Amino acid sequence: MLDTVIALATGLGAGAAAFSGAWLMWFSGRDKRPAAAPSSGRTQTEMLVTDGVLTDATFQARRLLDCSTCERLGWSEIAAALQPFFGPLPDRQPAEPAVLPALGDPETLLTLTPAGRCLRVTLSGPPLGTGESLRLRADQHELARLRGVMARAPAPIWQTDADRQVVWSNAGFADLCAQAGLPGQTAPPFGILPGPDEDVHVTRASIGRREDGTQSWYEVQSYRVPDGWLHFGQNIDAVIHAEATQRNFLQTLTRIFAHLPIALAVFDKDRRLVLFNPALIDLTCLPAEFLSSRPNLLSFFDLLREKQMMPEPKNYRSWCEKLSDVIAAASSDLYIETWNLPSGLTYKITGRPHPDGGVAFLFEDISAEISLTRRFRQEMEISQAVLDCLDDGVAVFSQLGVLSFCNEAYRRLWGTDPDSAFAEVGIAEATRDWQAACKPSPIWAELRDFVLTLRDRAAWDAELETLAGQHMLCRAEPLAGGATLVRFGQIPALTARQPDMQTARA
């Protein structure tokens, strides 16, 4: 029994040792095996063309041609697919052998091998590494995404070569050509002629006509690229319509303002004159050619100064610096000035804000108004001086019973100055002062009713006696417009009048 156990143990130990040795030999042999050198073989892509028609092709060849297994392409389609990589190819199936290197990649070759009616086309090149293959796969996903984006872009996008021929375009460009009635056009439907020194060029152009007779307008932004130009089109029908509406509106305003006696000068946000009426020429004596040339605001005021159509500032340089404050005030609707010109004319200048950051100036000739005001003021001063020369106290009340004016004798008589009062003095306040300075009399209520009544009135008078014993004659007379004149005249004492009466009798 013991021998059996020993023999079994010996067998197991030998088996384990043999297994361990074999494993170590495999592992050490794997570590010492040299790394395989990259294959130097060249991948090949082949296709067979018979009588100008593709009859057979490898999988890679069909991927290059982007066709299915059962699809039969003609030689022209095959040449069009290969031309971007190898340059121009014959229009018909070649009958002579040829080897063409790829453009910019001499290691990639196109081999044409004719054999009777058949032509074997072979593309060979260096093998594609794993990293480059993975990168290419990622780029293919991005390319598919970009193609989807460009296909769904609502704006037309296309690229032209040095001969201005379209080499690539999106679906929006096809729609643009169809709208212009030029399907399949290899040139854009409108001319774009950027300069030789330009890197960016912007063009506005119209194409076609709609059923209503209007045109479709596009703005094309062109960018120079190494092999031509890349163009982005955008429909601007709304912009063109808005600009046309604005021009019509300005023309309408011009026709309206042409009959206004007030001169109008409208400046845009760049401080350029964009609108004026004929009255501006008449009032400022500025030439129409100058105004039509769209002068800026500073040039406009400079010429006004030269024409002596504005007051000469004491310091013109500081006034020019102040012009920005004038513009700011006009933009805030706070600019109003009166210009007294050397010619004797008087202009009222008003600044008003204009949409889009512009400003408008109104020039109004108020010489007649100023002259009338001055003459009226002079007449009022003369009338006031005449009234002040009277010994009787005179007060005039309006139809509403408000004291309009009084003379100096009235102020001395009643010891009051209505002009210095903050509030208006009415007939009620005036009669209250008179009543307080006089002995009792029944005329005050009647006098108030007489001033405020709207019926026809007749003049009347009554005697008053002040608290100091002075006798006065109060006379109320109606005036035009419902006004009332109240006059207070002194009456000599009765004893002083007796001799005069006796003298008259004698």
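Figures for the structure shown
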read-out	value
Search result, residues across segment 59-74 that are part of a helix (DSSP H, G or I) and among the basic types (Lys, Arg)	62, 63
Residue count, segment 90-116 (criterion: closer than 14 Å to residue 48 by Cβ and either aliphatic (A, V, I, L, M) or touching a Leu at 6+ places or on another chain (Cβ under 8 Å) (or both))	6
Residue among 96, 46 that is out of contact with any His (no Cβ under 7 Å at 6 or more places or on another chain) and without any contact (Cβ under 8 Å) to a residue 24 or more places away in the chain	96
Condition check for residue 269: surrounded by 11 or more Cβ atoms within 10 Å (Cβ to Cβ), among the charged types (D, E, K, R) and either touching a His at 6+ places or on another chain (Cβ under 6 Å) or closer than 30 Å to residue 214 by Cβ (or both)	yes
Qualifying residue in segment 240-255 (condition: under 30 Å from residue 175 (Cα atoms), assigned by TED's automatic domain parsing to the domain that holds residue 166 and acidic (Asp, Glu))	no
Residue within segment 326-339 that is hydroxyl-bearing (Ser, Thr, Tyr) and surrounded by 14 or more Cβ atoms within 10 Å (Cβ to Cβ) present	yes
Residue check, residue 144 touching a Gly at 6+ places or on another chain (Cβ under 7 Å) and either more than 19 Å from residue 52 (Cβ to Cβ) or β-branched (Val, Ile, Thr) (or both)	no
Cβ pairs under 8 Å, 6+ apart, first in segment 424-451 and under 20 Å from residue 467 (Cα atoms), second hydroxyl-bearing (Ser, Thr, Tyr)	433/416; 435/441; 437/466; 438/466; 439/466; 444/431; 447/431
Flag if residue 351 is surrounded by 12 or more Cβ atoms within 10 Å (Cβ to Cβ) and at positive phi	no
Long-range neighbours under 7 Å by Cβ, at least six apart or interchain, first residue assigned by TED's automatic domain parsing to the domain that holds residue 447 within segment 462-481, second loosely packed, with under 14 Cβ neighbours inside 10 Å and assigned to a loop (DSSP other than H, G, I, E, B)	465/439; 467/439; 471/493; 475/459; 476/459; 477/459; 478/459
Subset tally (residues that are farther than 14 Å from residue 348 by Cβ and either surrounded by 14 or more Cβ atoms within 10 Å (Cβ to Cβ) or polar (S, T, N, Q) (or both)) for segment 372-401	15
Residue 123 being out of contact with any strand residue (DSSP E or B) (no Cβ under 7 Å at 6 or more places or on another chain), within 18 Å of residue 64 (Cα to Cα) and of a type outside the set (Ser, Thr, Tyr)	no
Positions within segment 389-405 being over 18 Å from residue 461 (Cβ atoms) and among the hydrophobic types (A, V, I, L, M, F, W, C), in sequence order	389, 400, 402, 403, 405
Qualifying residues in segment 237-266 (those that are touching a residue at least 24 places away in the same chain (Cβ under 8 Å) and surrounded by fewer than 16 Cβ atoms within 10 Å (Cβ to Cβ)) - the one nearest to the chain's Cα centre (by Cα)	250
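This table checks each residue for (1) modelled with pLDDT under 90; (2) not polar (S, T, N, Q).
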residue: 462; (1), (2): no, yes
residue: 469; (1), (2): yes, yes
residue: 479; (1), (2): no, yes
residue: 490; (1), (2): yes, no
residue: 497; (1), (2): yes, yes
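The values are calculated or read from the model by the stated rules, or taken from the named source; none is laboratory data. Since the structure is predicted, the reported quantities are computational estimates derived from the model, not experimental observations. All Cβ positions, glycine included, derive from the backbone under ideal geometry; neighbour counts span all protein chains shown.
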